[in-house]
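Report on the structure given below.
Every number here is computed from the coordinates shown, using simple stated rules; none is lab data. From a predicted model like this one, the values you see are computed outputs, not experimental measurements. Backbone-built Cβ (ideal geometry, glycine too); neighbour counts: all protein chains shown.
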Amino acid sequence: MEKADLHIHTTASDGTLKPNEIVKWAYKKNVKAIAITDHDTVYGIDIAINEANKYNNLLVIPGIEFSCEYNDIEIHILGYFINYKSKILKKLTDKIIHSRKIRGEKIIKKLNKIGIEINIRDVENHSRNSRFIGRPHIARALIAKKYVNTINEAFEKYIGKDKPAYEPRYKLSINKAINVIHAIKGIAVLAHPGLIKDINPKEVFTNYKFDGIEVYHSKHKIEDIKKYEKLANEHNLIKTGGSDFHGEYIDGKPIIGNYYVQLENLKTDLKNKNKFYIEGV
Ligand code: AMP
Ligand code: ZN
Ligand code: FE
Ligand code: FE
């Protein structure tokens, strides 16, 4: 059985391991395929591919994760097998990364106003790629300065939705995200539906041109998996899955490869869709 972990973040966005470190661990853990799915950037993909070329039979699938606005709720859309060198994509991701920086500065100002002494350098110290500023970096800076003990506490007390230092950021519409992914030859997948409150997935799959659904995920419960497997079959959707690794460890090992789809099943799903195939396998 060949494992494919299709949801991994690196230091190119808000993960804690570099793309080459991710690949090393994937190899150690006998994972046959990984998708690099950083938020709003493809900056880590070439580094991962170069590292994977040092090993036999380890496939890196180029991906991305976009945040979208849907009826006032946030949903995430994954793109896979994308042409990550596309100019259209670069233009869009440059714009989003820039808006993240401005939004990060606004969050810091709001924190300062409520007496928390933190500045952009503190935050950048926790972003190994300081071009990308996400709330997890701000949370890590708040932990280092002993304002909170955990990332979750930082979200609950300060930077989560409706909390005192919350600041929204630029989000795409679902149609825009799906259209961009299709324009660069990728497949569009609804990420971790089990984590989205107040969503009616049937409605979403009827109204939008999704190709797949993330059935398996580190935060999905057994009931979620059963529900979304059924839904995928009903709507003829590709089933994907992965760890959504950002830096979580169990027994000293990163959870890369602990949540996955079987590569064989992915290939069959892709073939049934009749449009896509996996290069290099
Ligand atoms: P941002 O993209 O900058 O808005 O930050 C959102 C990211 O922070 C999400 O993609 C998650 O990776 C992470 N995140 C959101 N809520 C929490 C939470 N309560 N605890 C830990 N991480 C979170
Ligand atoms: Zn993230
Ligand atoms: Fe997500
Ligand atoms: Fe993710």
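At q = 0.19 Å⁻¹ the log10 of I(q)/I(0) for the stretch 1-51 amounts to -0.53, computed by Debye summation with a single uniform scatterer per C-alpha, solvent ignored. Placing +1 on each Lys and Arg Cβ and -1 on each Asp and Glu Cβ, with no other charges, gives the stretch 194-241 a dipole about its Cα centre of roughly 100 debye. The trypsin sites (Lys or Arg not before Pro) found in the stretch 2-100 that occupy coil by DSSP, while having at most 14 further C-beta atoms within 10 Å, are Lys54, Lys85. Listed peptides 16-23, 37-44 appear in the order 37-44, 16-23 once ranked by packing, highest mean of other Cβ atoms within 10 Å at the front. Nearest 10 degrees is fine. How inclined is helix 263-273 to the longest principal axis of the chain, computing both from alpha carbons? Taking the Cα atoms of the chain, the angle to 263-273 is about 70 degrees.
For helix 87-113, report the angle its Cα long axis makes with the longest principal axis of the Cα atoms of the chain; keep it between 0 and 90° and round to the nearest 10°. Helix 87-113 sits at roughly 30 degrees to that axis.
For the stretch 196-281, applying the loop criterion from DSSP together with a ceiling of 16 other beta carbons within 10 Å to the trypsin sites (Lys or Arg not before Pro) yields Lys197, Lys209, Lys219, Lys221, Lys275. How much of the calculated P(r) for the chain lies past 36 Å, in percent of all Cα pairs? Summing the P(r) tail past 36 Å for the chain gives 12 percent.
A simple rule links phi to the HN-Hα coupling: the Karplus curve 6.51 cos²θ - 1.76 cosθ + 1.60 with θ = phi - 60°, which for the stretch 157-172 gives 8, 10, 10, x, 4, 6, 8, x, 10, 5, 9, x, 9, 4, 10, 8 Hz, with x for Gly and Pro.
In sequence order, the stretch 145-151 has phi-based couplings of 8, 6, 7, 9, 9, 9, 4 Hz under the Karplus curve 6.51 cos²θ - 1.76 cosθ + 1.60, θ = phi - 60°, and Gly or Pro positions carry x. Summarising the amide proton neighbourhood of Asn125: residues at separation of 5 or more, or on other chains, whose placed amide H is nearer than 5 Å comprise an empty set.
Each listed q (0.10, 0.12, 0.13, 0.20 Å⁻¹) maps to a log10 I(q)/I(0) for the stretch 130-234, found by the Debye formula over equal Cα scatterers with no solvent: -0.42, -0.59, -0.69, -1.10.
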